[in-house]
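Everything below concerns the one structure shown next.
The values are calculated or read from the model by the stated rules, or taken from the named source; none is laboratory data. Everything quoted here is computed from the prediction, not taken from an experiment. Every residue, glycine as well, gets a Cβ built from its backbone with ideal geometry; the counts of neighbours run over all protein chains shown. Side chains are part of the model used for accessible areas, which takes the heavy atoms of the whole protein and leaves out ligands, DNA and RNA. Shrake-Rupley method; radii C 1.70, N 1.55, O 1.52, S 1.80 Å.
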Amino acid sequence: MKERAIKRIFDNILNKAFDVDEIIRNQREGFDIRSLYNKDLDRYSCVECCQNLVVSFSSLDNVYFRHKSSFIYCIYKDENISNELLNAYEDVRLAKESPRHKELKNLIGKLLYDEPNVETRFY
(Lines give C-alpha, C1' and ligand atoms only; values in the text may rest on other atoms or scores of the structure.)
Protein backbone atom coordinates (compact mmCIF):
# COMPACT_ATOMS: atom_id res chain seq x y z
CA MET A 1 0.00 0.00 0.00
CA LYS A 2 1.28 3.49 -0.85
CA GLU A 3 2.38 5.61 2.08
CA ARG A 4 -0.11 8.30 3.09
CA ALA A 5 0.82 11.88 2.23
CA ILE A 6 -1.60 13.27 4.83
CA LYS A 7 -0.92 11.38 8.05
CA ARG A 8 -2.63 13.69 10.50
CA ILE A 9 -5.99 15.43 10.17
CA PHE A 10 -8.13 17.75 12.25
CA ASP A 11 -11.77 16.82 12.98
CA ASN A 12 -13.68 20.12 13.06
CA ILE A 13 -16.70 18.52 14.79
CA LEU A 14 -14.73 16.90 17.62
CA ASN A 15 -12.24 19.82 17.67
CA LYS A 16 -9.33 17.37 17.84
CA ALA A 17 -6.41 16.18 15.70
CA PHE A 18 -5.98 12.50 14.81
CA ASP A 19 -3.33 10.29 13.23
CA VAL A 20 -4.98 8.87 10.11
CA ASP A 21 -3.46 5.42 10.63
CA GLU A 22 -5.06 5.27 14.09
CA ILE A 23 -8.58 6.02 12.84
CA ILE A 24 -8.35 4.07 9.56
CA ARG A 25 -6.81 0.71 10.44
CA ASN A 26 -8.83 -1.26 7.92
CA GLN A 27 -11.17 -0.82 4.97
CA ARG A 28 -14.32 -0.87 7.12
CA GLU A 29 -13.07 1.98 9.32
CA GLY A 30 -12.13 3.87 6.18
CA PHE A 31 -15.64 3.64 4.82
CA ASP A 32 -17.04 4.68 8.23
CA ILE A 33 -14.86 7.83 8.04
CA ARG A 34 -16.09 8.44 4.50
CA SER A 35 -19.72 8.15 5.71
CA LEU A 36 -19.05 10.76 8.42
CA TYR A 37 -17.48 13.02 5.79
CA ASN A 38 -20.49 12.63 3.46
CA LYS A 39 -22.76 13.89 6.25
CA ASP A 40 -20.62 17.02 6.76
CA LEU A 41 -18.23 18.01 3.94
CA ASP A 42 -16.44 20.51 6.19
CA ARG A 43 -15.70 17.96 8.92
CA TYR A 44 -11.98 17.36 8.28
CA SER A 45 -9.17 19.84 7.70
CA CYS A 46 -5.42 19.81 7.23
CA VAL A 47 -3.35 20.31 10.39
CA GLU A 48 -0.78 22.24 8.38
CA CYS A 49 -2.79 24.70 6.26
CA CYS A 50 -6.27 24.42 7.88
CA GLN A 51 -7.94 23.88 4.49
CA ASN A 52 -10.88 21.49 4.31
CA LEU A 53 -9.98 18.00 3.14
CA VAL A 54 -11.80 15.54 0.93
CA VAL A 55 -12.15 11.89 1.93
CA SER A 56 -11.46 9.78 -1.17
CA PHE A 57 -10.85 6.17 -2.02
CA SER A 58 -8.42 4.62 -4.45
CA SER A 59 -9.10 2.04 -7.15
CA LEU A 60 -8.23 -0.56 -4.48
CA ASP A 61 -10.84 0.96 -2.11
CA ASN A 62 -8.20 2.38 0.24
CA VAL A 63 -9.59 5.48 1.95
CA TYR A 64 -7.35 8.55 2.21
CA PHE A 65 -7.53 12.31 2.71
CA ARG A 66 -6.63 14.83 0.01
CA HIS A 67 -6.81 18.56 -0.57
CA LYS A 68 -9.29 20.04 -2.99
CA SER A 69 -7.57 20.77 -6.30
CA SER A 70 -8.36 24.49 -6.25
CA PHE A 71 -6.92 25.19 -2.80
CA ILE A 72 -3.80 27.16 -1.93
CA TYR A 73 -0.35 25.60 -1.55
CA CYS A 74 0.26 23.08 1.22
CA ILE A 75 3.36 20.93 1.64
CA TYR A 76 1.14 17.84 1.91
CA LYS A 77 -0.38 18.62 -1.49
CA ASP A 78 2.96 19.11 -3.28
CA GLU A 79 3.53 16.07 -5.52
CA ASN A 80 7.19 17.06 -6.06
CA ILE A 81 8.11 16.36 -2.44
CA SER A 82 9.30 12.84 -1.67
CA ASN A 83 7.90 10.71 1.16
CA GLU A 84 11.28 10.90 2.88
CA LEU A 85 11.17 14.71 2.91
CA LEU A 86 7.54 14.71 4.10
CA ASN A 87 8.46 12.32 6.92
CA ALA A 88 11.39 14.53 7.94
CA TYR A 89 9.16 17.61 7.84
CA GLU A 90 6.54 15.84 9.97
CA ASP A 91 9.18 14.79 12.52
CA VAL A 92 10.38 18.38 12.85
CA ARG A 93 6.85 19.79 12.99
CA LEU A 94 5.83 17.41 15.77
CA ALA A 95 9.10 17.79 17.69
CA LYS A 96 8.60 21.54 18.11
CA GLU A 97 6.01 21.13 20.84
CA SER A 98 6.62 19.19 24.02
CA PRO A 99 3.66 17.58 25.80
CA ARG A 100 3.80 20.39 28.39
CA HIS A 101 3.69 23.01 25.63
CA LYS A 102 0.63 21.35 24.07
CA GLU A 103 -1.03 21.09 27.49
CA LEU A 104 -0.53 24.81 28.15
CA LYS A 105 -1.63 25.72 24.62
CA ASN A 106 -4.83 23.71 25.07
CA LEU A 107 -5.42 25.37 28.45
CA ILE A 108 -5.15 28.79 26.80
CA GLY A 109 -7.51 27.59 24.06
CA LYS A 110 -10.06 26.44 26.64
CA LEU A 111 -9.87 29.80 28.40
CA LEU A 112 -10.45 31.57 25.08
CA TYR A 113 -13.16 29.15 23.88
CA ASP A 114 -16.10 31.40 24.76
CA GLU A 115 -14.46 34.62 23.58
CA PRO A 116 -16.12 36.16 20.51
CA ASN A 117 -14.04 36.33 17.31
CA VAL A 118 -11.53 33.74 18.62
CA GLU A 119 -11.20 30.38 16.86
CA THR A 120 -9.83 27.59 19.04
CA ARG A 121 -8.43 24.18 18.08
CA PHE A 122 -7.35 21.46 20.49
CA TYR A 123 -4.50 19.06 19.59
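Numbers below:
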item: Heavy-atom accessible area per residue - the range 12-105, 1.4 Å, Å²; result: 65 Å²
item: Along the chain, longest interval not containing exposed GluC sites (Glu not before Pro), exposed being DSSP loop plus at most 11 other Cβ atoms within 10 Å; result: 4-78
item: Dipole in debye (nearest 20) - the range 2-123, about Cα centre, beta carbon charges: Lys, Arg +1; Asp, Glu -1; result: 80 debye
item: Kirkwood Rh (inverse of mean 1/r, distinct Cα pairs), the range 1-55, angstrom; result: 11.4 Å
item: Kirkwood hydrodynamic radius (C-alpha pairs) into Stokes-Einstein, the range 48-116, 25 °C and 0.890 mPa s, D in µm²/s; result: 163 µm²/s
item: Fraction of beta bridges assigned by DSSP in the chain that are antiparallel (%, nearest 5); result: 95 percent
item: Lysine pair number, Cα distance threshold 13 Å (strictly under), the chain, separation 8 or more or different chains; result: 6
item: Mean projection area, nm², convex hull over Cα of the range 7-123; result: 8.6 nm²
item: Within the accessible area of the range 21-123 (1.4 Å probe), percent carbon and sulfur; result: 52 percent
item: Rounded to 10°, Cα long-axis angle of helix 99-112 versus longest principal axis of the chain; result: 70 degrees
